[in-house]
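The values are calculated or read from the model by the stated rules, or taken from the named source; none is laboratory data. Quantities reported herein were computed from a predicted structural model and do not represent experimental measurements. FYI the Cβ positions are ideal-geometry reconstructions off the backbone, even for glycines, and counts take in every protein chain you see. These accessible areas exclude ligands, DNA and RNA; they are computed on the full protein's heavy atoms, side chains included. Shrake-Rupley method; radii C 1.70, N 1.55, O 1.52, S 1.80 Å.
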Amino acid sequence: MSTAHRLTATGPSYADLAVHLRCHGPLPAADPAWIIEVVDRSGLTGRGGAAFPTGRKLRAVAGGSRRSGAPVVVANGCEGEPASSKDRTLLLKAPHLILDGIALAARAVGAQDMRLCVHEDQTDVIRTLRQALGERRAAGAPGADVEIVTVPDRYVASEESALVQLLNGGPALPLATPPRPFEKGVRGRPTLIDNVETLAHLALAVRHGADWFRSAGTPDAPGTALVTLGGAVAVPGVYEVELGLSGAELLAVAGGPVEPLRAVLCGGYFGAWLRSDRFAPARISARGLQNAGAAMGAGVFLALPATSCGLAETARVARYLAAQSAGQCGPCLNGLPALADALTGLAMRGDRKAATTIASLAPYVAGRGACRHPDGAVRLVTSALSEFGDDLRLHTSRGPCAGLRRAPILPVPAASSRVPERV
Amino acid sequence: MRKGKDSGPRLRVDPIACEGHGLCIEAFPEMVGRDPWGYPVLPADAIPPHLMRHAQRAVAVCPVLALRLTKT
Ligand code: SF4
Ligand code: SF4
């Protein structure tokens, strides 16, 4: 089990409509009930991070339409994870697969109104999508009337209730008690919000059937997934893999580690660290990584070299996450900087009280915001303390380690420079 | 912090609206705690009948209507 080529079957460059159809074949004339049935049986789950069963979501939205009017389909291509580039890669290489998925999902739930959300600064993605939509219009293909919506480039802007609020003409901020989108979302209509990769898988599952979909992966994690592999691996990048492979096999997909590893950050900045000896045998799937104490998230895996400082790396990301708080909720606004400061103190100065401070603050931050942003940040910070226990002792007994001299491994967008470095 | 099992009325805060002045904490210290920044920490458990008046007082005292009592 290693790389797979379903979503990536058309190769590394842009697949226009002709290439797309030659590779995947035409869209079948499936009726709505059949689409939902196939997606249900395929076992497809959301690839945006939540891993919710896609078939169940389709059913909920289709069912809601009897009460409050024709549903809306929203494809989320915003890629909130700063270290992830799989949605962007898919949007640039295989937009027709995503547009097929949107059209099929719309047919399944009875929607006319279809939107595709991308970040406003990704001008190349927007240009590619315009071209793909143009090709569809010329060919009279379904999904030609999908509307491209640009979203402000901020982390929590792509959170579900923030997207719905933006699409309803409001600011792209999370809501405290949003109505459930499948009941009352965009324009008060039942709204299906799915990640773009999920919709691309849906397009193939409907073409080839549930059994075909399940022929890759494992019974409890069927299919393939796009992953972003980065850090100290030979060939960092976006790959498509069969779910259920081991951590060691996953690293081999990117050419393997280029030096001995200390740990792997799983699931991106909403995820958790796993020490390399615990990562190697872990199964790469939502359940497998959960069992190992981490998360699959949006499929980001970053390999940290043995000579890097895991505490300092995490402190930088924690500062970034603190700056990305929408600043609406007290515990998030105050708690994230406090956690980031404590971790920075530990990494930079060997602050002995930091671990206790973090342990005592964490319960006051997790679960106390309107959205899950603070929960993810807390998970990351606390996983650093548990997985880098040796470093922790070293830092508090002998001060900052040599790893601080290495260039940072975890990418943090430039926006974080707005955060004062409280060192 | 949100795990209480028993059913009954519960206090809920809208974390976006709450300004953390803590009037609710003063009104209902028996069950509403204070976090390190002054925001209310609500009980996970249902409000027992003999403390309902206090819970209602906490809801009434909030200047920004951030606090409410829910049925379940
Ligand atoms: S929890 Fe944080 S990021 Fe989420 S809405 Fe509240 S302030 Fe914004
Ligand atoms: S009284 Fe209202 S605004 Fe003040 S802390 Fe309590 S819930 Fe928040």
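Below are the figures for this structure:
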item: The listed residue being crowded, with 24+ Cβ neighbours inside 10 Å, in contact (Cβ under 8 Å) with a residue 60 or more places away in the chain and assigned to a strand (DSSP E or B), out of A:ALA225, A:ALA203; result: A:ALA225
item: Residue in the range A:353-375 that is of a type in the set (Val, Ile, Thr) and at pLDDT below 80 present; result: no
item: Hits in the range A:102-125 - residues which are buried (at least 17 other Cβ atoms within 10 Å of the Cβ) and either among the hydroxyl-bearing types (Ser, Thr, Tyr) or over 18 Å from the mean Cα position of the chain (by Cα) (or both); result: A:ILE102, A:ALA103, A:LEU104, A:ALA105, A:ALA106, A:ARG107, A:ALA108, A:VAL109, A:ALA111, A:ASP113, A:MET114, A:ARG115
item: Selection count, the range A:1-22, where residues are part of a helix (DSSP H, G or I), among the aliphatic types (A, V, I, L, M) and open to solvent by 60 Å² or more (accessible area, probe 1.4 Å); result: 1
item: Residue in the range A:153-171 that is within 25 Å of A:ALA70 (Cα to Cα) and either assigned to a strand (DSSP E or B) or among the acidic types (Asp, Glu) (or both) present; result: yes
item: The range B:60-71 - residue that is part of a loop (DSSP other than H, G, I, E, B) and out of contact with any strand residue (DSSP E or B) (no Cβ under 7 Å at 6 or more places or on another chain) and, of those, nearest to ligand 2 (Cβ to nearest atom); result: B:CYS62
item: The range A:151-176, residues that are in contact (Cβ under 8 Å) with a residue 60 or more places away in the chain, open to solvent by 30 Å² or more (accessible area, probe 1.4 Å) and within 14 Å of chain B (Cβ to nearest Cβ); result: A:GLU159, A:LEU173, A:LEU175
item: Members of the range A:23-46 that are surrounded by 15 or more Cβ atoms within 10 Å (Cβ to Cβ), of a type in the set (A, V, I, L, M) and at pLDDT below 95; result: A:LEU27, A:ALA30
item: Number of the condition not met by B:ARG57 [criteria: (1) among the charged types (D, E, K, R); (2) more than 13 Å from ligand 2 (Cβ to nearest atom); (3) in a helix (DSSP H, G or I)]; result: (2)
item: Criterion: among the charged types (D, E, K, R), at pLDDT 95 or above and assigned by TED's automatic domain parsing to the domain that holds A:GLY170 - qualifying residue of A:ASP153, A:ASP124; result: A:ASP124
item: Restricting the range A:312-359 to residues that are closer than 23 Å to A:PRO408 by Cβ and basic (Lys, Arg), the residue that is nearest to ligand 2 (Cβ to nearest atom); result: A:ARG319
